């Protein structure tokens, strides 16, 4: 075999939970790996599982190393499934049985356009689903080509009829008899929506080139064509509003950029209101509200002009209407594109997108001013992080760390385990360490571990602590012992890393996580045999007593995990217990062979 793997069985074991690795090895030994095919650095295997059709495993082995691995089975409990384990072990253990074929790229490399077209046409002939997928990909490639065209080389927008045909093609693959079976087609529907959104995005190159009228032509054509299909699909899922939400954003900017006559502005206002009225049955938020505001207010609104000229007050002194934030983003985008930076700063400060104000200061080489503004006006750690990242990207490293350090003083936002504050702490830790500011790096590392305990964050504190580590270690471990129950995984990771099996046992004592418990069982067999035996018995007996035939292999694996705990002169106890189980469950023909296989 010309291909040489650069991974070992230990690497495979690292990918999977202990029970998945054990079962994968059993699958290999029982001959359930049906085929192995290697195309270049891509491995494909068929593994017979519990279903009629074998599962397909694919693995990226670029450079001989393990990359992304995928299986078609529904396993979703974490780590690689047993089919992946079986396939990779088969590849390592029986390289002579691997069929090698050249990569698809090399097979096609020598073909000309006509030959490639012939292959695609012949494959799609008689396969409507494949033909439709090819059609969707062609539409996406057409959009990509438009987006990459130079501003002066943009072709005129397609006619409305072209857009109508392209949207019909996008939804052809999702045609069905009723809305009730929508969830049987999530991939096809997602592709169709992606294609429609891609058509909406064809307005962007025109907008960026300053040709707002062409952008409006695109949006008008896509909106009209999509509305014709909307009654058919719109009530099935909120995602169907996404193209119109994007149309609302782009239309607002296009209407503000194009120099329309009063008559044209009135016509566009009526058109957008008509679209929104057709959407109201499905849309409570007003997807086109920003476009309506843009058409009504334009640039001549007195309050807007007062703010742009440096006057006091705001554009909306009272409650903002629907679409105001999107309209504000459109005003700012146009001001930035036109180089009207002082007006940009006045508007962004007055109306509250304070992060954008601070970022603009950075882009204007006013880093110190940006830091001071952020310290006064940015109240979320997510905004502080973005400002710090922008400063760092622009080479203002000291100012970036100053902003980030100040952000760590902000109170944690409500949300799951600290939210963006943890991200800010980790970013600050790493960038401060790179810059040699070890005090800030250690402070940020401790914040990250406090807000989101993990082995990675724990080890980061250790790396940065130096002589302070012994004292810090005890504090971190004590905090971990009293952490909420949902932190059981990082507790186990860290306790086992430190060899604190007692603490790991306590961490999973109330846990329902089978994979986590299995890890602790494996580590505790010698030091806590009675706990291992009780835990494994309880899980196995619950499965057997309930007669869950499909999970009998799991029960046998739990019993197998308890077996090492009997080694110290307790073999007779093990055999007696096993014999009792065989007698008790003698009528369960699927279970008994599994139990007998566990005998000494």
>> Being part of a loop (DSSP other than H, G, I, E, B) and free of Cβ contacts under 8 Å to residues at least 12 places away in the same chain: is that true of residue 277 here?
In response: no
> Of the numbered conditions (1) more than 25 Å from residue 210 (Cα to Cα); (2) surrounded by fewer than 20 Cβ atoms within 10 Å (Cβ to Cβ); (3) over 31 Å from the mean Cα position of the chain (by Cα), residue 315 satisfies every one except a single condition; which is it?
Replying inline: (2)
> What are the residues in the stretch 284-320 that are part of a loop (DSSP other than H, G, I, E, B), in contact with a helix residue (DSSP H, G or I) (Cβ under 7 Å, 6 or more places away or on another chain) and under 21 Å from residue 253 (Cα atoms), if any?
Replying inline: 286, 287, 288, 298, 299, 314, 315, 316
> Among the candidates 446, 386, 431, which residue alone is closer than 28 Å to residue 482 by Cβ and modelled with pLDDT of 95 or more?
Replying inline: 446
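Can you tell me which of 538, 565, 549 is closer than 20 Å to residue 509 by Cβ and in contact (Cβ under 8 Å) with a residue 40 or more places away in the chain?
Details: 538 fails: in contact (Cβ under 8 Å) with a residue 40 or more places away in the chain; 549 fails: closer than 20 Å to residue 509 by Cβ.
Testing whether each residue is closer than 20 Å to residue 509 by Cβ and in contact (Cβ under 8 Å) with a residue 40 or more places away in the chain leaves just 565.
Does residue 361 satisfy being part of a helix (DSSP H, G or I) and touching a residue at least 24 places away in the same chain (Cβ under 8 Å)? Reasoning before the result, please.
Values: part of a helix (DSSP H, G or I): yes; touching a residue at least 24 places away in the same chain (Cβ under 8 Å): no.
No.
Looking at the structure I just gave you, is residue 87 out of contact with any helix residue (DSSP H, G or I) (no Cβ under 9 Å at 6 or more places or on another chain), more than 23 Å from residue 555 (Cβ to Cβ) and not in a loop (DSSP other than H, G, I, E, B)?
Numbers: out of contact with any helix residue (DSSP H, G or I) (no Cβ under 9 Å at 6 or more places or on another chain): no; more than 23 Å from residue 555 (Cβ to Cβ): yes; not in a loop (DSSP other than H, G, I, E, B): yes.
Considered against the rule, which asks whether it is out of contact with any helix residue (DSSP H, G or I) (no Cβ under 9 Å at 6 or more places or on another chain), more than 23 Å from residue 555 (Cβ to Cβ) and not in a loop (DSSP other than H, G, I, E, B), residue 87 comes out as no.
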> Within the stretch 519-534, restricting attention to residues that are touching a helix residue (DSSP H, G or I) at 6+ places or on another chain (Cβ under 8 Å) and under 21 Å from residue 579 (Cβ atoms), which residue is surrounded by the most Cβ atoms within 10 Å (Cβ to Cβ)?
Replying inline: 532
> Hey, among 200, 222, which residue is at pLDDT 85 or above, assigned by TED's automatic domain parsing to the domain that holds residue 275, within 28 Å of the chain's Cα centre (by Cα) and buried (at least 22 other Cβ atoms within 10 Å of the Cβ)?
Replying inline: 200
> Of these, 126, 67, which one is out of contact with any helix residue (DSSP H, G or I) (no Cβ under 9 Å at 6 or more places or on another chain), not assigned by TED's automatic domain parsing to the domain that holds residue 21 and not in a helix (DSSP H, G or I)?
Replying inline: 126
> Residues of the stretch 279-293 being more than 21 Å from residue 349 (Cα to Cα) and surrounded by 16 or more Cβ atoms within 10 Å (Cβ to Cβ), which ones?
Replying inline: 279, 282, 283, 286, 287, 288, 289, 291, 292
> Is the stretch 294-301 home to any residue that is within 35 Å of the chain's Cα centre (by Cα), assigned by TED's automatic domain parsing to the domain that holds residue 239 and crowded, with 16+ Cβ neighbours inside 10 Å?
Replying inline: yes
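Quick grid of which residues meet (1) surrounded by 14 or more Cβ atoms within 10 Å (Cβ to Cβ); (2) under 30 Å from the mean Cα position of the chain (by Cα):
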residue: 428; (1), (2): yes, yes
residue: 431; (1), (2): yes, yes
residue: 436; (1), (2): no, no
residue: 439; (1), (2): no, no
residue: 458; (1), (2): yes, yes
residue: 486; (1), (2): no, yes
residue: 499; (1), (2): no, no
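The values are calculated or read from the model by the stated rules, or taken from the named source; none is laboratory data. These numbers were taken from a predicted model, which means no experiment stands behind them. With ideal geometry, Cβ positions are generated from the backbone for all residues, glycine too; neighbour counts draw on all protein chains shown.
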